[in-house]
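Visitor: A single structure is presented below for examination.
Nothing in this text is a laboratory measurement; each read-out follows from the coordinates by a stated rule. Bear in mind the structure is a predicted one, so any value in this text is a computation, not a measurement. Positions of Cβ are backbone-derived with ideal geometry, glycine not excepted, and every protein chain shown enters the neighbour counts.
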Ligand code: SF4
């Protein structure tokens, strides 16, 4: 037994960083999905939470609260239309880090959905974005 298990102290667990991805129907949009999954795999699901953007648009309060209580929010969008960032800001959630794959990583947008090179770049950039909030 220690102070935590005896209930004398409360174990402080840091909340994870929330990742939102646009999941658009293009190489850059789809790279946001797989890049986020890869990032969670690298950093661990205790540090990163993948949250559904659609749940924010749908007005689901529990998902909104999950985002609100996150240590920070990272939004990744395929192109400058910035659907993820705009959706979050429309719901009055503060985006701490924003990545636009076609602009910030210079990946041309096309409709060949599976783009391994883009996924690798997105993953590397997202790991850095999360660590900058940690
Ligand atoms: S940000 Fe671009 S790629 Fe992503 S959903 Fe919007 S239009 Fe599609």
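Visitor: Which count do you get for residues in segment 100-132 that are closer than 19 Å to residue 17 by Cβ, within 11 Å of the ligand (Cβ to nearest atom) and part of a helix (DSSP H, G or I)?
Guide: Final tally of qualifying residues: 1.
Visitor: Look through segment 20-36, keep the residues that are more than 13 Å from residue 114 (Cβ to Cβ) and out of contact with any strand residue (DSSP E or B) (no Cβ under 7 Å at 6 or more places or on another chain), and return whichever of them is farthest from the ligand (Cβ to nearest atom).
Guide: Selected residue: 23.
Visitor: In segment 59-90, which residue that is part of a loop (DSSP other than H, G, I, E, B) and more than 16 Å from the ligand (Cβ to nearest atom) is surrounded by the fewest Cβ atoms within 10 Å (Cβ to Cβ)?
Guide: So, considering only residues that are part of a loop (DSSP other than H, G, I, E, B) and more than 16 Å from the ligand (Cβ to nearest atom), the one surrounded by the fewest Cβ atoms within 10 Å (Cβ to Cβ) is 59.
Visitor: Look through 43, 53 and report the one residue that is in contact (Cβ under 8 Å) with a residue 24 or more places away in the chain and within 18 Å of residue 121 (Cα to Cα).
Guide: Answer to the selection: 43.
Visitor: Those residues that are away from the ligand (no atom under 13 Å from the Cβ) and not in a loop (DSSP other than H, G, I, E, B), I need them from segment 37-57; list them, please.
Guide: Residues satisfying the conditions are 37, 38, 39, 40, 41, 42, 43, 48, 49, 50, 55, 56.
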